[in-house]
Amino acid sequence: MSPNVKPPTVFVVDDDDAVRDSLKMLMRSVNLPVETFESATAFLEAYDPERLGCLLLDIRMPGMSGLDLRDELDSRRAMLPIIFVTGHGDVPMAVDAMQRGAMDFIQKPFSDEDLLDRIHKALERDAADRKMLRAKREIANRESTLTNRERQVMELVVAGCANKVIAQDLNLSQRTVEIHRARVMDKMKANSIAHLVRMSEAIKDRDAT
Amino acid sequence: MNDSSDTRTPGLDRTLRAAASFRALADAAVDGIVVIDEDGVVESFNPAAEAMFGYDEAEVVGHNVSMLMPQPHQHRHDGYIRRFLETGQARIIGIGRETHARRKDGTVFPIDLSVGQTAPGDQRRFVGIIRDATERIRTAEQLRRREELLRQTLNGAPLGIATASLDGRFLSVNPACCEMLGYDPDEFASISLEHVTAPDQRDDARDILTRLARGETDAMVVEKRCVRKDGHEIHGRLHMGVVRGGTGEPAMLVVQVEDMTEKVRAREEARRRQNRLTHVTRLSTLGEMAAGIAHEINQPLTAIATYAEASRRLLESGNASRTDILDTLSKTGVQARRAGEVIRRVRALARRRADERSRSDLNDLVRDVVQLAEVDARLSGVSIDVQLEEQLPMVEIDPVQIQPVLLNLIRNGLESMGPHPQDNVLVVATAATDNDTVTVSVTDHGPGVPDDVLGSIFDPFFTTKPAGTGMGLSISRTIATAHGGNLVGVNAASGGAVFTLTLPTAVEERPVP
């Protein structure tokens, strides 16, 4: 993360001028940075995945709908938390959005307390997510310094194999396995085998997403 | 004349002169005159009788008069004379009667016969005066038949038929008229047309009577409410005709009453059903649009609530600028009016009441409806291009009925286009035509109507939509027709469908172009 990054921002996407304008004013009244967009397309054009914040997204819009935008962000692996804003008849749509992993939804017309509460939670989650992401990236960086042999040894260690078994599997001497193992612990900055297992799983999570 | 005759007694001379006078009279008479003696032997037979019977006088004189009679009189005639001479009872003498006679050729014909006798004492003679009754009887029979025909017609007629004087008093009524108005036939003598007219229509009825009595017109047909004896009202169609007298002046009226009560009731029932069906269709259209309408009202409500809370927070934080707050207050007002406008349009659509036509500007109507449809349009990713002809002539319509027709056409168009994001424009256009009509056309860019279905789309219950009622277009066309217009759908060359609603322009006060 560069030090000149913009502060966490509430991105509002709603096709209704008045709703957009009033939300902008509400965010300003609580000193939350806010940027508004009249369509999903306009947001996508301006969106920088590195930016922190949360997305307040109208579910029903002409052209690209809120759900379409969510899918697009997913495919771009953007991690911005989304609060769907729904109208009266959109509960089934919202349920669908929740099932597919949207963070939250709120129904119009909403109370400001409720909305701001959800926005703050979303911003916290985004911060946490970013922190975790940074941690994962750090682990991935360490892992990338391992040689192929060391990576093989780590996988077997994490799988719970004894040195003797590893030596047999990789057709190495037990002494050589011990040296590789020490290098892995050192490069990965692992305090214990348990720590190494957790880090290994974190990287696997990343690969799975 | 000779001297000897002069020396005859004056009585004989008078007799001879009288005989000559009789002869002259008999020769000139139009009626047949036959003189017979007490034995029934014919003494004289005048020319009229000759013509009537076909005999010469010479063939008859000296013969019994019964030769001029058919059976059974021929045989009985001697008896008739004898009985009269013996009893003095006259069956025909001095009375006259209708009987039959027989010509030389044997044909029998009806006669009016009167018989007189000479003074008693002298040798008695009887004088028969005979008039051929064939024509009279034929005319009387014709008259009787005509009267019978008229009587049967009047008695059996399903129409109430009455004759009335020029001032409206009843002269005669037929059974159907009695039945219809609930009076006995003799009760009509004491009432008039005015009595059986609904009180609020009596002035009109009097005007009509006056016009007919003055001979301004020979016949009039009026629909009015009639009051029965029991006070119930019936709807009657009255055909009133003037019967003119010999001088050509109106003499009396013939009134035929058709009981329209059932027809009027059926007509009103049909109209009520039509209204109800239209209303239901409107409501179901509204139901289908409920989500969109709720969304449309939610937007301003959301904005209002958010503006209000933002203002409160700004004021609480102490760094609110007066301009910001004033600005926000006026924005809040705008949004409240926006919500109110949506509700106004929806209410206008949902309201149920009788057909109320008024002079309307179709352009205004189109603008209103397009705003209502705008929600659906935005969500379908379609934009509505409204092309209104300026100076459009006014139309005489019930806006509450025409609005849903337009809404229905627009929504059909939107649905046909589906959620394709590119080149989705629905055109709603108004135009004035050359033949005093105004049109609204809705042109979509959907796939058009399949040819095999095009003939059925206006049929009731025909639908291609899974949840459609199939009543939309059917009722829309009914409404268009009821307004004297029509509704047609065709496929456009560009691929979509064009639905055109045509309405006649209002008759008067057309704006000068």
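Residue pairs whose Cβ atoms lie under 7 Å apart, separated by 6 or more positions or on different chains, with the first residue in the range B:74-102 and touching a residue at least 24 places away in the same chain (Cβ under 8 Å) and the second assigned to a helix (DSSP H, G or I) and small (G, A, S), are B:Q74/B:S66; B:H77/B:S66.
Go through the range A:43-68 and give me each residue that's more than 15 Å from A:V85 (Cβ to Cβ), touching a residue at least 12 places away in the same chain (Cβ under 8 Å) and away from chain B (no Cβ under 12 Å). A:L44, A:Y47, A:P49, A:E50, A:R51, A:L52, A:G53, listed by residue number.
Looking only at residues in the range B:365-424 that are among the acidic types (D, E), farther than 23 Å from B:K465 by Cβ and touching a residue at least 60 places away in the same chain (Cβ under 8 Å), the one that is surrounded by the most Cβ atoms within 10 Å (Cβ to Cβ) is B:D398.
Let's see how each residue does on (1) of a type in the set (F, W, Y); (2) free of Cβ contacts under 8 Å to residues at least 60 places away in the same chain; (3) touching a His at 6+ places or on another chain (Cβ under 6 Å):
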residue: B:H235; (1), (2), (3): no, yes, no
residue: B:V242; (1), (2), (3): no, yes, no
residue: B:T247; (1), (2), (3): no, yes, no
residue: B:Q256; (1), (2), (3): no, no, yes
residue: B:K263; (1), (2), (3): no, yes, no
residue: B:A294; (1), (2), (3): no, yes, yes
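Scanning the range A:3-37 for residues that are part of a loop (DSSP other than H, G, I, E, B), within 12 Å of chain B (Cβ to nearest Cβ) and of a type outside the set (A, V, I, L, M, F, W, C) yields A:D14, A:D15, A:D16, A:N31.
Among the residues of the range B:49-59, those identified as touching a residue at least 24 places away in the same chain (Cβ under 8 Å) and in contact with a strand residue (DSSP E or B) (Cβ under 9 Å, 6 or more places away or on another chain) are B:A49, B:M52, B:F53, B:Y55, B:E59.
In this structure, does B:I325 turn out to be surrounded by 13 or more Cβ atoms within 10 Å (Cβ to Cβ), modelled with pLDDT of 90 or more and either more than 10 Å from chain A (Cβ to nearest Cβ) or part of a loop (DSSP other than H, G, I, E, B) (or both)? Taking the combined requirement at face value, the residue satisfies it. Within the range B:430-483, restricting attention to residues that are at pLDDT 80 or above and among the charged types (D, E, K, R), which residue is nearest to the chain's Cα centre (by Cα)? So, considering only residues that are at pLDDT 80 or above and among the charged types (D, E, K, R), the one nearest to the chain's Cα centre (by Cα) is B:R477. Consider B:N319 carefully, then state whether it is in a loop (DSSP other than H, G, I, E, B), farther than 30 Å from B:A164 by Cβ and within 14 Å of chain A (Cβ to nearest Cβ). Spelling it out, B:N319 is indeed in a loop (DSSP other than H, G, I, E, B), farther than 30 Å from B:A164 by Cβ and within 14 Å of chain A (Cβ to nearest Cβ).
Residues of the range B:178-233 that are in contact (Cβ under 8 Å) with a residue 60 or more places away in the chain and touching a helix residue (DSSP H, G or I) at 6+ places or on another chain (Cβ under 8 Å): B:L193 alone. Within the range A:129-145, not a single residue is touching a His at 6+ places or on another chain (Cβ under 7 Å) and either at pLDDT 90 or above or closer than 30 Å to A:R51 by Cα (or both). If only residues of the range B:81-116 that are surrounded by 15 or more Cβ atoms within 10 Å (Cβ to Cβ) and of a type outside the set (V, I, T) are counted, the one that is farthest from the chain's Cα centre (by Cα) is B:F84. When B:R146 is tested against (1) free of Cβ contacts under 8 Å to residues at least 24 places away in the same chain; (2) touching a Phe, Trp or Tyr at 6+ places or on another chain (Cβ under 9 Å), only condition (2) is not met. Can you name the residue in the range B:8-32 that is at pLDDT 85 or above and of a type in the set (D, E) and, of all such residues, is nearest to B:F45 (Cα to Cα)? Of everything passing the filter in the range B:8-32, B:D27 is nearest to B:F45 (Cα to Cα).
Output the number of residues of the range B:202-222 satisfying the condition of being under 15 Å from B:V243 (Cβ atoms) and of a type in the set (K, R). Within the range B:202-222, residues that are under 15 Å from B:V243 (Cβ atoms) and of a type in the set (K, R) number 1. On inspection, B:H279 fails the criterion of being within 30 Å of B:Q403 (Cα to Cα), facing another protein chain (nearest Cβ under 9 Å), touching a residue at least 12 places away in the same chain (Cβ under 8 Å) and out of contact with any strand residue (DSSP E or B) (no Cβ under 7 Å at 6 or more places or on another chain). Just one of the numbered conditions (1) among the hydroxyl-bearing types (S, T, Y); (2) at pLDDT 85 or above; (3) in contact with a helix residue (DSSP H, G or I) (Cβ under 7 Å, 6 or more places away or on another chain) is not true of A:S111: (3).
The values are calculated or read from the model by the stated rules, or taken from the named source; none is laboratory data. The structure presented is a predicted model; accordingly, all values stated were derived computationally and were not measured. Virtual Cβ from ideal backbone geometry, glycine too; neighbours counted across all protein chains shown.
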